[in-house]
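Colleague: I'd like to ask some things about the structure below.
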Amino acid sequence: MSKYNELVKKLKEIFQIDKPELDFGIYRILNAKADEINNYLENTLKKKISDALASAGNANKEELERQLAEAIKNAEGAGFNPDDSPKVKDLRAQITASSQGANEHENAVFTHLLTFFSRYYDSGDFVSKRRYKGDTYAIPYAGEEVMLHWANKDQYYIKSGENFSNYSFKLDDGRKVTFKLLAADTAKDNRKDNDADRRFVLVEQHTRIKYDDEGLDYEDEVLPIVVDSSGEQDELVIQFEYKVVKKGTKQEALVSQALDAILSNSNIQSDWVDVTKREPTEKNPNRTLLEKHLTTYTQRNTADYFIHKDLGGFLSNELDFYIKNEVMNLDNVQNAEVFSDIEKQLRMIQCLRSISKDIVSFLAQLENFQKKLWEKIKFSWGVNYYISLCKIDTLTLSQLDISEQQIQEWKFLYDLDLESQISITSLADAFPNLMLNTEFMSIESRLKVLSVIEGLDDQLTGTVINSDNFQGLQFLKSRYNDKIDCIYIDPPYNATSSEILYKNNFKHSAWLSFIESRLIVAKKLMHPEATIIIAIDENEQERLGLLIDNLFPNHDKFCISIIHNPAGVQGINFSSSHEYAYFVFPKGGNYIGQTEREEPLISNFRDWGGTSARKLAKTCFYPIKVKDNKIVGFGDVCDEDFHPISSNVQDGEITLVYPIDSKGVERKWVFSKSTAERDSDQLFVVEDKGEISIKRKKTTRSHRTVWDSKKYYANIYGSKVITSMFGEQPFSFPKSIHTVEDCLKALSRFRKKNGIVMDFFAGSGTTGHAAINLNRQDGGTRKFILVEQGDYCKKVTIPRVLKAMYSSRWKSGSPELNDSISGIVKVLSIESYEDSLNNLELRKSQATGDLFDSMPEQAKSDYLLNYMLETESKGSLLSTDDFKKPFDYKMKIAVDSAGAFEERNIDLVETFNYLVGLHVNTVESNIERGYVRVEGNLPSGEKALILWRDCEKIGYDDFTKFANRFDLFAKEKTFDVIYVNGDHNLPTAFTSDEGEVTRTLKLRQIEPEFLELMFAPDELA
């Protein structure tokens, strides 16, 4: 294979058009443009290199021929035979060499291009590997004393474990086929196979784990498994593991082996023959449905881990570095026999740099486009509320019907057996805190209920975002900027049981990139006095500590140990029985309160020891007034020249007690007078043989850095608690509820019984459960925000918080205690990054198409390299033209991990509320008449009204009447800003005199602000 063909093959791999059988995400987009890209690589690129070298060569040849003519003329003028002139001979040799060197230069350019782009490319990603020479790398360094750096520091880690680790698709008859990642054999520190190849391999056997009565796990028998299916024969489960394989083993070969093993299974041949249905491609006419999905599954798991934050800048810098260090060889320059050799080298370098810049531009276009999709604020496509019946007035309740779906949900959640005919008002009397799900209401009923709730956002108990956590945090950042009081997260530990997928050599680097990008956004949401708590184990504890130092430089950081598994996780040398929790809060403040002692500490209130003399704390010498063996007050601090005759001085019915010891030495009280008055409940009187002394009873103490109590055991108070709530264990490795409760109770800010706690690794919902428990204990109004992805958000996370609000004690899925609390829980479903990709369509407008067809080849090449994706995708990313009918805006939303989708209505109203950061007060909707109006407050403090209308029902000419009907410009209205969609004929500002105050009302159009805010340049990079 020629160097050029090798280069084209590598560039096709880099441009990701060598996988025509894959029709998801960026592959689908690039495959649609494969012909244009192939034409560029196979024809335009080679011609560009040839023309560039020829142009430089011709210019040099013309100069040499001019010099040759002049040398001949000079020789003839001097009476010499030009053929004998050394200069003439040299110039003729240079001209011949110039003509013959084109192929040599072309091959050199091809070779360098191949070397350069191969060096930084790794299975779909570009990794920072600046080389000085050989295997010696450089890192960017700005003179810090200590710096944390990792290989993927300048990249987003975009893998979603929920979306990629397991993969399901449905057959035509509705049955489901699932590829399940059962285990991941990962590189461990100091293991020799850290750089080994890892691939997805069909599981040959599976070790089943069981739990004993104490909830401690132990290994059961080893079960041979090739294919497993459920007893109902409605799901086929094919299990894989991610493991070390022989060096050079291709994933495609393992897929072929897995297909042979699966299709030879008798269960498949008898019951699942539909998976063998042909799904041919031009390249693979015999491809089966199973092969199609298995190829997609492994490809999704082995490519596209990262998006570079500035690929163009990175590769441009690396290119200059590469040329200076490995192409422009100074030794060759010094040893060049003639200057023409140097000129030839420079011509080749000029060509190499020019062509490389073109390729870098194209790669940067692809990467920046994906970065734009990753960072953009996502649409909300589903919003519903769980509302306690007591929150809805009787009149509105009486107009609602109870659906069968609602009755079935109450049966699942609360084990309630209700008759379909039961009236909702009688139900509200019997169960006032029962949660009504607006998802099961008609649109009219749902809007009616929401319209009667004043201060909607104020009344929220919690919000659950069903989304990838990065996208969820991005969605929340305008609404909750500087408003979160506490963050508690329990991210993947990168242990074998909970690690994220990673590429060879990048386990820790991938994890750091994954955590860092989320913490950067989360930090923007935190109140200046907020605390973040991060649970972690030994796999990433040290690196996380360094990352915290990087991200929170003006904060204190404490790492506590929590004994959560007394039996320990068996290891070769040590059995690990604890995990860690980092508490991070601003420097210099008192952010951690006291905790209850298991046994009260009784001590003398009179100080003792070498630092107890009166003179060392003059404000701590004063009398404590005692009557009938009870403290009744505190006297003034004594003058320095006053010396009581004894520790007990009688003053009528009052005994004045001074801090004087049994030897008559004047000491001091432990507290000053003001502190003693504040904490007088800690003090009590003891009388011994007629002598009164003051004792102190301490029921609290400072938190220790080791938490060792049975209540933190994860199996007992994590697994068993959630099993008691659901009747089965629906979630692996839940945290002890007491661990999270005590973490929250430790915070001084959160002990005030209000505030917002957020958990963007919500898992089973332990953090929401803990906040609910604390509110039940002390009557607090703490709110929670949970972010979790996947089906188990709806199957576990949301049900758990609803169950926790209904009862504090459960057994086998049934409540044992009737201590429900009321509230409103909001649930938002957010578009995913994969949804963004799947909704993309590249279309040239008629004008762009006509212009493109008439372009010269160079202009077409520039368009392809720099503008294609941005220009042709605009309409599919956000079509503001469709805002004319905002309640009909639709997108394709994935309904399974295989990419099957449904058309869903997008909630533009809710999305815009979050884009502008609106704190919602009231919502009024009448979709039938064509409008929704939302009132609330913007982050700036301005009072805002947002008006959405169907422009076909409330058109341009009708809008003035519509505005007047709602008295939008009445003097008594206090709006500062009104947002409106569509064209209108109202003034963009309205000034009114209200007494001595002149108020200007601003009218803004929704569409441009929506577009700007959704794609606003981000500060994350």
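The values are calculated or read from the model by the stated rules, or taken from the named source; none is laboratory data. Values in this document were obtained by computation on a predicted structure and should not be read as measured data. Reconstructed Cβ throughout: ideal geometry from the backbone, glycine too, with neighbour counts over all protein chains shown.
Colleague: Can you tell me how many residues in the range 394-417 are crowded, with 16+ Cβ neighbours inside 10 Å, assigned to a helix (DSSP H, G or I) and without any contact (Cβ under 8 Å) to a residue 24 or more places away in the chain?
Modeller: Total meeting the criteria: 1.
Colleague: Looking at the range 448-479 only, could you name the residues that are of a type in the set (S, T, N, Q) and under 11 Å from the mean Cα position of the chain (by Cα)?
Modeller: SER467, ASN469, GLN471, GLN474
Colleague: Right, here's the next one. May I ask you to verify whether PHE514 is among the hydrophobic types (A, V, I, L, M, F, W, C) and part of a loop (DSSP other than H, G, I, E, B)?
Modeller: no
Colleague: Only one of these conditions is not met by GLU1007: (1) assigned to a loop (DSSP other than H, G, I, E, B); (2) modelled with pLDDT of 90 or more; (3) surrounded by 13 or more Cβ atoms within 10 Å (Cβ to Cβ). Which number is it?
Modeller: Answer for GLU1007: the failing condition is (1).
Colleague: Is it the case that the range 514-521 has a residue that's modelled with pLDDT under 95 and over 19 Å from the mean Cα position of the chain (by Cα)?
Modeller: Checked the range 514-521: no residue is modelled with pLDDT under 95 and over 19 Å from the mean Cα position of the chain (by Cα).
Colleague: Another one. Out of all the residues in the range 349-374, which are of a type in the set (D, E, K, R) and over 14 Å from LEU311 (Cβ atoms)? Quick ask: steps written out before the conclusion?
Modeller: First, pick out the residues of the range 349-374 that are of a type in the set (D, E, K, R): 353, 357-358, 367, 371-372.
If the condition is that a residue be of a type in the set (D, E, K, R) and over 14 Å from LEU311 (Cβ atoms), then ARG353, ASP358 are the ones that fit.
Colleague: Quick check on the range 568-576. Is at least one of its residues part of a strand (DSSP E or B), of a type in the set (Gly, Ala, Ser) and under 30 Å from THR675 (Cβ atoms)?
Modeller: Here is the first cut: in the range 568-576, the ones part of a strand (DSSP E or B) are 569, 576.
If we keep only those that are of a type in the set (Gly, Ala, Ser) too, we end up with 576.
From what is left, the residues that are under 30 Å from THR675 (Cβ atoms) are none.
Looking for residues that are part of a strand (DSSP E or B), of a type in the set (Gly, Ala, Ser) and under 30 Å from THR675 (Cβ atoms), one finds none in the range 568-576, hence no.
Colleague: Going residue by residue through the range 877-888, is there one that turns out to be part of a helix (DSSP H, G or I), modelled with pLDDT under 85 and aliphatic (A, V, I, L, M)?
Modeller: Checking the range 877-888: at least one residue is part of a helix (DSSP H, G or I), modelled with pLDDT under 85 and aliphatic (A, V, I, L, M).
A quick yes/no check of all residues on (1) polar (S, T, N, Q); (2) in contact with a Gly (Cβ under 8 Å, 6 or more places away or on another chain); (3) in a helix (DSSP H, G or I):
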| position | (1), (2), (3) |
| --- | --- |
| GLU282 | no, no, no |
| LEU290 | no, no, yes |
| GLN299 | yes, no, yes |
| SER316 | yes, no, yes |
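Colleague: Still on this structure: For the range 608-662: of the residues being among the aliphatic types (A, V, I, L, M) and loosely packed, with under 15 Cβ neighbours inside 10 Å, which is farthest from ILE694 (Cα to Cα)?
Modeller: So the residue we want is LEU616.
Colleague: Another question, if that's okay. Of (1) polar (S, T, N, Q); (2) surrounded by fewer than 18 Cβ atoms within 10 Å (Cβ to Cβ); (3) at pLDDT 80 or above; (4) assigned to a helix (DSSP H, G or I), ASN332 satisfies all except one. Which?
Modeller: So ASN332 meets the others, but not (3).
Colleague: Take residues that are outside the structural domain of PHE760 (by TED's automatic domain parsing) and tell me which of the helices (runs of 4 or more DSSP H) falling wholly in the range 793-874 contain 3 or more.
Modeller: Qualifying helices (runs of 4 or more DSSP H): 833-838, 846-853, 857-866, 868-872.
Colleague: Any idea which of (1) at pLDDT 80 or above; (2) farther than 30 Å from SER873 by Cα; (3) surrounded by 15 or more Cβ atoms within 10 Å (Cβ to Cβ); (4) not small (Gly, Ala, Ser) is the one LYS46 doesn't satisfy?
Modeller: The failed condition is (2).
Colleague: On to the next question. Taking the criterion of being assigned to a strand (DSSP E or B), touching a Phe, Trp or Tyr at 6+ places or on another chain (Cβ under 9 Å) and surrounded by fewer than 16 Cβ atoms within 10 Å (Cβ to Cβ), would at least one residue in the range 904-922 satisfy it?
Modeller: yes
Colleague: Of these, THR739, THR723, which one is polar (S, T, N, Q) and buried (at least 21 other Cβ atoms within 10 Å of the Cβ)?
Modeller: Sole residue among the options that is polar (S, T, N, Q) and buried (at least 21 other Cβ atoms within 10 Å of the Cβ): THR739.
Colleague: State whether the residues of the range 94-116 include one that is within 21 Å of MET348 (Cβ to Cβ), modelled with pLDDT under 80, surrounded by 13 or more Cβ atoms within 10 Å (Cβ to Cβ) and more than 60 Å from the chain's Cα centre (by Cα).
Modeller: yes
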